[in-house]
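Here's the structure, in structure tokens; my notes come after.
The values are calculated or read from the model by the stated rules, or taken from the named source; none is laboratory data. Owing to the predicted nature of the structure, the values given are computational and were not obtained by experimental measurement. Glycine gets a Cβ as well: all are built from the backbone with ideal geometry, and neighbour counts include every protein chain shown.
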Amino acid sequence: MSAESYAWTAHEIRDAVTSGAVSARAVAESYLARIEACDQKVQAYVDVWAESALAQADAVDARLARGEDVGPLAGVPVGLKDLFCTKQGFTTCCSKILKGYRSPFDATVVERLADAGAVFLGKLNMDEFAMGSSTENSAVQVTRNPWNLACVPGGSSGGSAAAVAADECAFALGSDTGGSIRQPAACCGCVGLKPTYGRVSRYGLVAFASSLDQVGPLTKDVEDCALAMNVLSGRDERDSTSADLPVGDFTAALRPDAKGLRIGLPKEYFTDALGADMREKIEAAVSALEGQGAEVVEVSLPHTEYAVAVYYIICTAEASANLARFDGVRYGHRAAAAADVEELYRRTKTEGFGPEVQRRILLGTYVLSSGYYDAYYSKAQRVRSLIRKDFLDAFEQCDVIVGPTSPTPAFRLGEKTADPLEMYLSDIYTISINLAGIPAMSMPCGLTESGLPAGLQIMGKPFDEATILRVGYAYEQNRGLDMGRPAVA
Amino acid sequence: MGKITKQDVEYVSGLAHLTLDEETKERLVGELSEILGYMEKLNELDTSNIEPTMHALEMTNVYREDKVQPSLDRETALMNAPDSDGEYFLVPKILDTE
């Protein structure tokens, strides 16, 4: 292990803190120094909580000294995407309309991490209201990819992915509506899991598209992902869509082989749209899994080509309803000197929402408006049924489905900002998963010729995160390549 | 389904409480037409016998016990208010009462 604890994984930190080999305070100090050294370049954090992080670390050390239980994430420094409600600091969704907003409560996932002994380092950058695939839609700052500072970190959890890749936190929380955990994890070479819809509570996650949103971790390795899922998962009375199902121990399911597992390769994911370089990396990963005893079968997801259209109807419709609450009355930005309430609403929203958020509100309002509802929204919900059925049918033949996370590695800053549709199409392999509600994980599977990470996506049956993690772990232990770490500082 | 017009953009922006300048309207006519045009792809599919999916999980009503629990106190509820008198949220006048 490196001498610097910022380079350790969460489970290594937990073990070292719990055994007394290192203090939680020393770990927190190491990460804070790392942020100080790197974040001017990476710009992952929108707010760093140095003082309270040290106090939380001291509290872990004090509990340990008294012989008390310190929890499964004792002293592990965590970063939070800025759409998780926290009593501490601000919760802004990187939008002007929530500038200065202080939440009166903590999100359930934040409470769970705190109870598990985690130390919070601060809030991370994102596309405004999680709408974007590059984090360039943040109203606060532009985050850069630690592997190449001229490239985007992906999005919308770009700050989370960049912070993990640059060792500026041990792991981070993100949210995934159409790929917003997995695509940035792929772009930055980390592990990112979108759990099954309902697996993790959404209470205190600022809503974007409520039938698609899920909370999940971005981590340095698969074991950390399993560890984080143990803490995050489970029924929450405050989120009635959270599933009342047993969670189990995800770390216990990890085994270094893939014996007896059937892996489905969807032919629709291996077309000309997939870059040759990417394809090669995915195929090598599949071969590695075959070497570990997995059986490979071809499967079909015939409605894949319709997913982007379905997604951008449903997510914008839901967003237009969810974002109606930001009206300048009870919290957030309020336009000055409005003569009446109607003008107050109009000017507040127009001043507060950025261009992509306004575009999506308008699109969502249009597809829900009288005369168009059946043609767009109702149609999209019906095709959503077909997409979901594709997956359930495919899982009759296999335990997991494997493919790429994104068609290309991270693109350059500014490359796709002028064409919204082109940006939307970069989500092609991730959004079907949200529409179907199933879990999926992205993990690194090598570097492309451009020196940027490639992401392998592993999709699972509903509530079967355990098998995804097992396959991911088997690959990680046997992938036969050293990803290395990006040289940032 | 068809091409979106400037009137459509104005109508929808009214519903959404957004004020757009002329240049933005022109830009959105192009962008929304392109995006909605792409979505017409869905018409290739016959979905007349397919049920819509609202939620990926099959969920039934979730009930809980009807018991009183603490809620936010007034001070906390008002702490983010852009304008308040300590008891209520204040907004510009809604009704003209001459």
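Some observations on this one:
- Any chance B:Glu10 is over 22 Å from A:Phe326 (Cβ atoms) and either of a type in the set (Asp, Glu) or not in a helix (DSSP H, G or I) (or both): no
- Answer residue from the range A:353-401, given it is crowded, with 24+ Cβ neighbours inside 10 Å and not in a helix (DSSP H, G or I) and is nearest to the other protein chains (Cβ to nearest Cβ) among those: A:Phe353
- The residues in the range A:106-146 that are farther than 24 Å from A:Ala418 by Cα and in a loop (DSSP other than H, G, I, E, B) can be counted, and the count is 5.
- Among residues of the range B:1-21 that are at the interface with another protein chain (Cβ under 9 Å from one of its Cβ atoms), those with a beta-carbon under 6 Å from a residue that is part of a loop (DSSP other than H, G, I, E, B) at least six positions away or on a different chain give the pairs B:Ser13/B:Leu20.
- Qualifying residue in the range A:269-280 (condition: touching an Asp or Glu at 6+ places or on another chain (Cβ under 9 Å), in a helix (DSSP H, G or I) and away from chain B (no Cβ under 14 Å)): yes
- Residue match in the range B:10-24 (condition: in contact with a Gly (Cβ under 6 Å, 6 or more places away or on another chain) and surrounded by 14 or more Cβ atoms within 10 Å (Cβ to Cβ)): no
- Filter pass, A:Tyr6 being among the aromatic types (Phe, Trp, Tyr) and part of a helix (DSSP H, G or I): yes
- Unmet criterion (only one of (1) small (Gly, Ala, Ser); (2) within 14 Å of another protein chain (Cβ to nearest Cβ); (3) in contact with a strand residue (DSSP E or B) (Cβ under 8 Å, 6 or more places away or on another chain); (4) crowded, with 24+ Cβ neighbours inside 10 Å) for A:Gly178: (3)
- The set of residues in the range B:45-82 that are more than 7 Å from chain A (Cβ to nearest Cβ), in a loop (DSSP other than H, G, I, E, B) and of a type in the set (Asp, Glu) comprises B:Asp46, B:Glu58, B:Glu65, B:Asp66, B:Asp73.
- Candidates are the residues of the range A:290-336 that are more than 30 Å from B:Asn43 (Cα to Cα) and within 8 Å of chain B (Cβ to nearest Cβ); the one that is nearest to the chain's Cα centre (by Cα) is A:Gly332.
- Any hit, the range A:159-171, residues being farther than 28 Å from A:Trp8 by Cα and touching a helix residue (DSSP H, G or I) at 6+ places or on another chain (Cβ under 9 Å): no
- Scanning the range A:419-435 for residues that are of a type in the set (Asp, Glu) and crowded, with 20+ Cβ neighbours inside 10 Å yields a count of 1.
- A Cβ distance below 9 Å, combined with a sequence gap of six or more or placement on separate chains, defines the contacts here; from the range A:282-293, residues that are touching a residue at least 40 places away in the same chain (Cβ under 8 Å) reach residues that are part of a helix (DSSP H, G or I) and of a type in the set (Ser, Thr, Tyr) in the pairs A:Ile282/A:Tyr269; A:Ala285/A:Tyr475; A:Ala288/A:Tyr475; A:Leu289/A:Tyr475; A:Gln292/A:Tyr475.
- The condition of being under 30 Å from A:Thr143 (Cα atoms) and among the aliphatic types (A, V, I, L, M) holds for only one of A:Leu386, A:Leu362, A:Leu368, that being A:Leu362.
- Inter-residue pairs, beta-carbon under 6 Å, first within 14 Å of chain B (Cβ to nearest Cβ) and at pLDDT 90 or above and in the range A:231-250, second buried (at least 21 other Cβ atoms within 10 Å of the Cβ) and assigned to a helix (DSSP H, G or I), 6+ apart: A:Asp236/A:Thr108
- Restricted to the range A:403-418, and to residues there that are more than 14 Å from chain B (Cβ to nearest Cβ) and out of contact with any helix residue (DSSP H, G or I) (no Cβ under 6 Å at 6 or more places or on another chain), the residue that is surrounded by the most Cβ atoms within 10 Å (Cβ to Cβ) is A:Pro409.
- Applying the condition of being surrounded by 13 or more Cβ atoms within 10 Å (Cβ to Cβ) and either over 17 Å from A:Tyr376 (Cβ atoms) or of a type in the set (S, T, N, Q) (or both) to the range B:27-44 and asking which residue is nearest to the other protein chains (Cβ to nearest Cβ) yields B:Arg27.
- Condition met for A:Tyr424 (within 24 Å of B:His17 (Cα to Cα) and either in a loop (DSSP other than H, G, I, E, B) or in contact with a helix residue (DSSP H, G or I) (Cβ under 7 Å, 6 or more places away or on another chain) (or both)): no
- Filtered residue count, the range A:9-49, keeping only those that are touching a strand residue (DSSP E or B) at 6+ places or on another chain (Cβ under 8 Å) and assigned to a helix (DSSP H, G or I): 9
- Residues of the range A:183-218 satisfying the condition of being farther than 28 Å from A:Arg325 by Cβ and of a type outside the set (A, V, I, L, M): A:Cys187, A:Cys188, A:Gly189, A:Cys190, A:Gly192
- Test: residue in the range A:448-455 that is assigned to a helix (DSSP H, G or I) and touching a residue at least 24 places away in the same chain (Cβ under 8 Å): no
- Sole exception among (1) more than 14 Å from chain B (Cβ to nearest Cβ); (2) closer than 23 Å to A:Ala186 by Cβ; (3) not basic (Lys, Arg) for A:Leu113, by number: (2)
- Subset of the range B:83-92 (residues that are within 10 Å of chain A (Cβ to nearest Cβ) and either within 17 Å of A:Arg238 (Cβ to Cβ) or part of a loop (DSSP other than H, G, I, E, B) (or both)): B:Asp83, B:Leu90, B:Val91, B:Pro92
- When the range A:269-281 is filtered for residues that are crowded, with 19+ Cβ neighbours inside 10 Å and over 14 Å from A:Ile428 (Cβ atoms), only A:Lys281 remains.
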